[in-house]
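Coordinate-derived values only; no laboratory data. This one's a predicted model, so the numbers in the text were calculated from it and none came from an experiment. Note that we place each Cβ from the backbone using ideal geometry, even for glycine, and neighbour counts take in every protein chain shown.
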């Protein structure tokens, strides 16, 4: 049994269920299983809450909020407001971030530790058999077995195999949030969601920023018009965006800065920067689990394939969250928890197939998207109608001085169903959610075209957007 902190005292324990990883799916699932009378162990080698609370959503969005205040303060004159010079205290920004993270983490930790029937084990788990694990603790090894094992081990930043990277002080999405100084010139490798959020954030803090993107466009998953508009906004802000630019090598300079060699369409170029952020993706935390002891299959990148019920190829072992290689979003991890709760506790038959996957990129303006993009719909051979509308035509956006971006809807030409929606604009995530609700209800686009929305709100722009399909 567990002690006051939930730490098992024995060296060998048998459980009904073992959850490896206390992320946004694993933690709630462990509590739900324990609440249903299943003796459950939750193993976590680092921090409760996983990537989201500790090094992902919570800290980045907290810092983005600070950057937005700095940006709006510099724009005060646009609204007829006089302010003095604007400066950013990175140590204070970091402390605010740390405080909020600690608050979220400690509340999650408290809930877990107070759950009856749930043992929280601090350590790193390795398989010794299909449903048997060992955890090295100070001075001893704990051996656990269970009928069901759920892996919620998540991912970590990937390091680009770049010559010279081991000779410079590079940053990843975790370490960059611990800076207490504003980089003079931040070089960013990667033009995906993470790279762009940090690029704009630090530019607003006061850094010169250069984004180096290997592809022909930023945000490779988005339609070309969305990606191009995003690049245009960043460039308008003063961020240098280099496309079709391959990082070839990096080396330290004599004065402590960084030299980055880049191969672009016009040849090689040498970039000088004070800091280097590597934001080229994430890799799964499966390499230290000793999966060879289980017969559990992974793909070539180390992700764990699962079926529509989140079961792996080994009976009794499930995987949830980012480690499955599916959409890497906290809300998807939490929905994975709901699927397993339904199936393992309630005796239901929930599946992951057919669920809408919404997401928001927290640049400013935000990019909110749900469902199919135009290019995805056309690749599926669907007959579609496309509605677009600039944010500069949205009354609310004009009133608050935030008119950059546009709205875009993809509609099935045969049945008027909304297949997808993207908005690069003020509170794009909230606007996307309104359309997502209509999609969940399977409403035709005409319901939003003819709906009565309060004036002046962003939502009323949906009237005009969908009415454009009838002209």
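So how do 433-442, 276-285 stack up, highest first, on mean other-Cβ count within 10 Å?
Details: 433-442: 15.7, 276-285: 21.5.
Those peptides, ordered most packed to least, come out 276-285, 433-442.
With a 10 Å radius around each residue's Cβ, average the other Cβ atoms per peptide and rank 230-242, 326-338, highest first. Please report the intermediate quantities before stating the final value.
Values: 230-242: 17.3, 326-338: 19.8.
Ranked from most to least packed, the peptides come out as 326-338, 230-242.
Work out, step by step, the length gained on full extension between residue 83 and residue 313: first 0.36 nm times the residue separation, then minus their alpha carbon distance; give nm to one decimal.
76.7 nm
Quick check on the chain: helices-only [θ] at 222 nm, where DSSP H runs of length 4 and up contribute -39,500 (n - 2.57) each and the sum goes over total residues. Nearest 500, please.
Numbers: 12 runs with 132 residues, N = 471.
Roughly -8500 deg cm²/dmol at 222 nm, from the helical runs in the chain.
How far is it, in nm, from the label point at residue 457 to the one at residue 106 when both lie 7 Å from their Cα along the line to the Cβ?
Taking the two extended label points, one gets 3.7 nm.
For a paramagnetic label modelled at 7 Å from the Cα of residue 383 toward its Cβ, which residues of region 406-435 fall within the zone defined by backbone nitrogen distances under 19 Å?
The answer is 410-420, whose backbone nitrogens lie closer than 19 Å to the label point.
Taking the 0 to 90 degree range and rounding to the nearest ten, how far is the long axis of helix 57-74 tilted relative to the main principal axis of the chain, both from C-alpha atoms?
Roughly 20 degrees, rounded to the nearest 10.
Taking 51 Å as R0, compute the FRET efficiency from the Cβ-Cβ separation of residue 178 and residue 468 and round it to 0.05.
Numbers: r = 47 Å, r/R0 = 0.92.
With a Förster radius of 51 Å, E is 0.65.
Using the basic label-point model (7 angstrom from Cα toward the beta carbon), what is the residue 143 to residue 293 distance in nanometres?
Calculated label separation equals 1.0 nm.
Antiparallel versus total DSSP beta bridges in the chain: what percent is that, nearest 5?
If we restrict to bridges inside the chain, about 60 percent are antiparallel.
Using 7 Å Cα-to-Cβ label points, what is the residue 415/residue 128 separation (nm, one decimal)?
Distance between label points: 5.4 nm.
Using the alpha-carbon centroid of each, what span in Å lies between region 158-182 and region 244-285?
Their Cα centres are 11 Å away from one another.
Taking 0.36 nm per residue of separation and subtracting the Cα-Cα distance, what length does fully extending residue 437 through residue 220 add? Mind dumping the intermediate values first?
On the way: separation 217, 0.36 × 217 = 78.12 nm, distance 2.58 nm.
Contour length minus the Cα-Cα distance gives 75.5 nm.
By how many nm would the segment from residue 76 to residue 246 grow when fully extended, if each residue of separation counts as 0.36 nm and the alpha-carbon distance is taken off?
Result: 57.4 nm gained on full extension.
Ranked from highest to lowest mean number of other Cβ atoms within 10 Å per residue, what is the order of the peptides 168-179, 96-107?
Order by mean packing, descending: 168-179, 96-107.
To the nearest 10 degrees, how steeply does helix 330-340 sit against the main Cα axis of the chain, on a 0 to 90 scale?
Tilt relative to the chain: about 40 degrees.
Give me the angle, in degrees from 0 to 90, between the Cα long axis of helix 428-440 and the longest principal axis of the Cα atoms of the chain, rounded to the nearest 10.
In the chain, helix 428-440 runs at an angle near 70 degrees to the longest axis.
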